[in-house]
Amino acid sequence: MTDHALYPTDKPSPKIAIIGGGLTGLLTATLLERASNHTPMPFDNPQITIFEKSRSVGRLATRYRSDSETGKNWQWSFGAQFFTAKTGSFQQFIAPWLQTGLLQPWCANVIELTPANESIRAPDTQAPDIQNKEQWDTVHARYISTPKMTSWGRELATALKHTTIAFKTRVAPLDQYTQHQDTLHSDSQKTELFDEAGTSLGWFDWVICTAPNGQAVELMADSGFSEQNKIVQPQMQACYTLMLGWDKSQPLPETFNHQAIPQWDVAYVDSAIIDRIFIEHQKPAHDDLLPSVTIHARNNWSQAHVDDDMEAVKEQLLQAAKQSLNWDEDSAPSQTDCHRWRYAATIVNKDTEELGILVDETKQWVVSGDWCGQGNIESCYQMAQQTIEAIWKTE
Ligand SMILES: Cc1cc2nc3c(=O)[nH]c(=O)nc-3n(C[C@H](O)[C@H](O)[C@H](O)COP(=O)(O)OP(=O)(O)OC[C@H]3O[C@@H](n4cnc5c(N)ncnc54)[C@H](O)[C@@H]3O)c2cc1C
């Protein structure tokens, strides 16, 4: 079926495959490269390949559209909006990019917004009820990547020295074609991976899967992975994201300049459909954008509508957004777009312990991803750390 890729016999540098080029994959490669330069890591310069099925890095996603008249952009961070760094080690890790300004704290002015149709305070008006909630600060900072949310991922990818990233390469489920032992080198544990067409992607000493939970279940099903029963434990929910843009010459909805709170950046919305509203063009280093707003729907609402027709979903989201932002014919957005995240959020049960990465020491397979932790960007870093420790322990 394939030509088997050969691997070195004298084992100085293990070959490591990372499935998924999201933040977990990129951070794992970064920490592996760094760790291999320090004793007591048991090997030098691992040869790492990241296989990513799409053409860019994971859920740190930015979409933009250019206005032909002004040449300016509308821009939406339609995945993660910001991230936290609660642990000292993650704070230390991100410090260099805070110094260059690529990462910046977002001291957003946050409000609570109740759409008129849901408000008991102002039932007779069309205007939503708006109350001050909080101001984010630099002590418990929320960080963004500039000029785009994708910029940090790109920077991490560029800095990798011993890692090849194969974009547009979808790794096939491990049971389908995978061979667990090279007959030429049967003394050592190797895994051969294949793409969906059955073409060999090479032999690897370690395989690290960082796909979202639902995709990890499919990738590892019937593969003999010793921790398979734990992959199905976390519950994931979907999220629809609505992206709105206004022309430069257009009036903006009055809700953006509410008399009580003239400039707000983030709204926590008290509605059955909408969860949060983010004003993109007011973020640090985003002020050259045309007015752009990202809206995340509630996870439970999104999950209930996950297989619905996209146009029907978009229409419902636009109606809910209109009720929250209260636009009229003149101030209606000229740009509208909608994205479905099928595996957006890990349902975190505060009473149960975090899953952590799943390791099959015999096969030298690791299943990782944000969903093994709290389902956020900081978890990607923590899972990358756990993976390095697991490899170190086994090598
Ligand atoms: C709408 C939304 C809002 C969010 N908001 C926040 C927030 O405010 N703060 C925060 O900290 N986090 C937030 N998050 C979570 C954050 O985006 C994730 O924690 C993080 O991006 C997950 O990174 P990851 O690498 O684990 O997974 P992913 O980014 O999903 O990367 C996994 C990669 O694996 C690839 N892949 C899957 N299967 C295969 C295969 N067979 N072969 C090759 N490649 C494959 C996928 O294409 C994907 O790129 C949000 C997420 C969403 C969707």
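The values are calculated or read from the model by the stated rules, or taken from the named source; none is laboratory data. All values derive from a computational prediction rather than experimental measurement. Note that we place each Cβ from the backbone using ideal geometry, even for glycine, and neighbour counts take in every protein chain shown.
Listing for the model above:
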read-out: Cross-chain or 6+ apart pairs with Cβ under 7 Å, the range 230-250 first and free of Cβ contacts under 8 Å to residues at least 24 places away in the same chain, then of a type outside the set (S, T, N, Q); value: Val232/Val217
read-out: Ile48 being among the aliphatic types (A, V, I, L, M), surrounded by 15 or more Cβ atoms within 10 Å (Cβ to Cβ), in contact with a helix residue (DSSP H, G or I) (Cβ under 6 Å, 6 or more places away or on another chain) and assigned to a strand (DSSP E or B); value: yes
read-out: Every residue from the range 219-235 that is modelled with pLDDT under 90 and crowded, with 19+ Cβ neighbours inside 10 Å; value: Pro234
read-out: Residue list for the range 126-178, filter: assigned to a loop (DSSP other than H, G, I, E, B) and small (Gly, Ala, Ser); value: Ala127, Ala141, Ala172
read-out: Among (1) at pLDDT 90 or above; (2) more than 19 Å from the chain's Cα centre (by Cα); (3) under 23 Å from Ala384 (Cα atoms), the one test that Lys190 misses; value: (1)
read-out: Odd one out for Glu329, checked against (1) of a type outside the set (Ser, Thr, Tyr); (2) at pLDDT 95 or above; (3) over 21 Å from the mean Cα position of the chain (by Cα); value: (2)
read-out: Complete set of residues in the range 62-83 that are closer than 20 Å to Trp106 by Cα and of a type in the set (S, T, N, Q); value: Thr62, Gln75, Ser77, Gln81
read-out: Pairs with Cβ under 9 Å, 6+ apart, first in the range 365-391 and within 25 Å of Gly224 (Cα to Cα) and without any contact (Cβ under 8 Å) to a residue 40 or more places away in the chain, second part of a loop (DSSP other than H, G, I, E, B) and within 8 Å of the ligand (Cβ to nearest atom); value: Gln386/Ser368
read-out: Filter result for Ala216 (crowded, with 20+ Cβ neighbours inside 10 Å, in a helix (DSSP H, G or I) and not aromatic (Phe, Trp, Tyr)); value: yes
